[in-house]
Amino acid sequence: MGQQTLENKLVLCCLCCCSSINKVGIKNGYQIWMCPKCGFMTTYPLPSLQELRTVYTREYFLKQENEDTENRFGYKNVLSKGAIKGNENVSIIRLKIIENLVGQKGSVLDAGCAAGTFLSIALKRGWVTAGVELNPQMRTIAAQYCSEGNIWPLLEEARGKYSVITMWEYLEHVIDPVSEIKKVKELLKPNGLLCLSFPNLESRKSIKDKLIWEQVKPPEHLHYWMASNIKLFLEKLGFSIVGFRYRGFKPLLEGKRRFGSRSNPKTVFWPLMSIFSILTIPFYDTNVRKVNFPIFIRRMYEGIEVYAKLERN
């Protein structure tokens, strides 16, 4: 994030369109800033890498099923059977999209690979795999799915050339997204594919709604995009958008937050969410499209995937 000082006043610049951004609130003790032009939202001041290491501990990934996770960081248990099965299903869909876009199987680097579920599916499907994961315990587990054991704690330490680099639920966590994408450019082969996913900020209308959204949770999530400004961000760094895909049907997620679910039965009405979940299966995911989705679609989904090709180094 660029910054200037004018007459003792701090001026922060948007990572996407370079406009001046404004402070819009405070969450978890961190200042939240937003670009009035393109809608990009970010955190400032940013935490240090050492502070982030205290967030991404073993407990971040392996909370117990009966442990209260309300308003806390991380996952209940990424190694539970339900979590692994769900991540495998998502990984298969994503890999089919990738294989369709690149035309052949090659090498893939998964940044923020956690326990390596995506890498395990990619390896089974014939890809040469490598990973990046900050947490040492998850890194040890994921290493078994990396060809030649190639896994690094930080993206800046990664080596090699890759046909595809994936950043599933990754870029919103890092301190410096620009440096991360510049490193991606070094690691990608010519015309290589970059795949991203992150919370869809456009699913929230007002600034107040955005600030109370559970996905706005510094220091875990530090940056927030939507389709229009991630396009600006990536094009500025030498990528062209191949397509977008939306995930996470908002009405279902809102219902689970209010009433609970099988894994988190907040109220006696949680079984209704299970029924609703089955009925809304056709609305879980959208297809990859390059053109902009209608505004009602963009507002109805809380997650977004982005597929982009490297145009220049």
For segment 151-232, convex hull volume per residue from C-alpha positions, Å³: 104 Å³
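Report the full-extension gain for the segment residue 266 to residue 228: residue separation times 0.36 nm, less the Cα-Cα distance, to one decimal in nm. Let's see the in-between values first.
Numbers: separation 38, 0.36 × 38 = 13.68 nm, distance 3.57 nm.
Stretched out fully, the residue 266 to residue 228 stretch lengthens by 10.1 nm.
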Cα centroids of segment 147-167 and segment 277-297: how far apart, whole angstrom? 31 Å
When you take every Cα atom in the chain, what is the radius of gyration, and what is Dmax, the widest Cα pair distance, in Å? 19.1, 59
What ranking do 30, 224 get, fewest neighbouring Cβ atoms within 10 angstrom at the top? 30, 224
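So for 44, 246, fewest C-beta neighbours within 10 Å to most, what's the order?
Fewest to most other Cβ atoms nearby, the residues stand as 44, 246.
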Neighbour-count order for 259, 269, 296, 244, fewest beta carbons within 10 angstrom listed first: 296, 269, 259, 244
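In deg cm²/dmol, rounded to 500, what helix-only [θ] at 222 nm does the chain give when every DSSP H run of at least 4 residues adds -39500 (n - 2.57) and the total is split over its residues?
On the way: 11 runs with 101 residues, N = 313.
So the helix-based figure for the chain works out to -9000 deg cm²/dmol.
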Taking H as built 1.01 Å from N, whose amide H comes closer than 5 Å to the amide H of residue 110, not counting residues under 5 places away? 130, 131, 132, 166
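For residue 125 and residue 13, compute 0.36 nm times the residue count separating them, minus their Cα-Cα distance, and round to one decimal in nm. Mind showing how you got there, number by number?
Values: separation 112, 0.36 × 112 = 40.32 nm, distance 4.24 nm.
Extra length from residue 125 to residue 13 when fully extended: 36.1 nm.
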Full-extension gain between residue 79 and residue 178, please, as 0.36 nm times their residue separation minus the C-alpha to C-alpha distance. 32.5 nm
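What pairs from 236/309; 161/290; 189/236; 27/185; 161/309 go past 21 Å between their alpha carbons?
Numbers: 236/309 13 Å; 161/290 26 Å; 189/236 19 Å; 27/185 33 Å; 161/309 15 Å.
Checking Cα-Cα distances, 161/290; 27/185 exceed 21 Å.
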Distance violations [Cα-Cα > 19 Å] among 37/182; 217/266; 76/217; 85/105: 37/182; 217/266; 85/105
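Taking segment 117-198, which trypsin sites (Lys or Arg not before Pro) meet the DSSP loop condition and have no more than 16 other C-beta atoms within 10 Å? Write down the numbers at each step before the final one.
Values: sites: 124, 125, 139, 159, 161, 182, 183, 185; in loops: 125, 159, 161.
Those that pass, being in a loop and sparsely packed, are 125, 159, 161.
None of the figures in this text is laboratory data; all of them are computed from the coordinates on show. Keep in mind that this is a model prediction, so the values were computed, not measured. For neighbour counting, all protein chains shown are included, and Cβ atoms are generated from backbone atoms with ideal geometry for every residue, glycine included.
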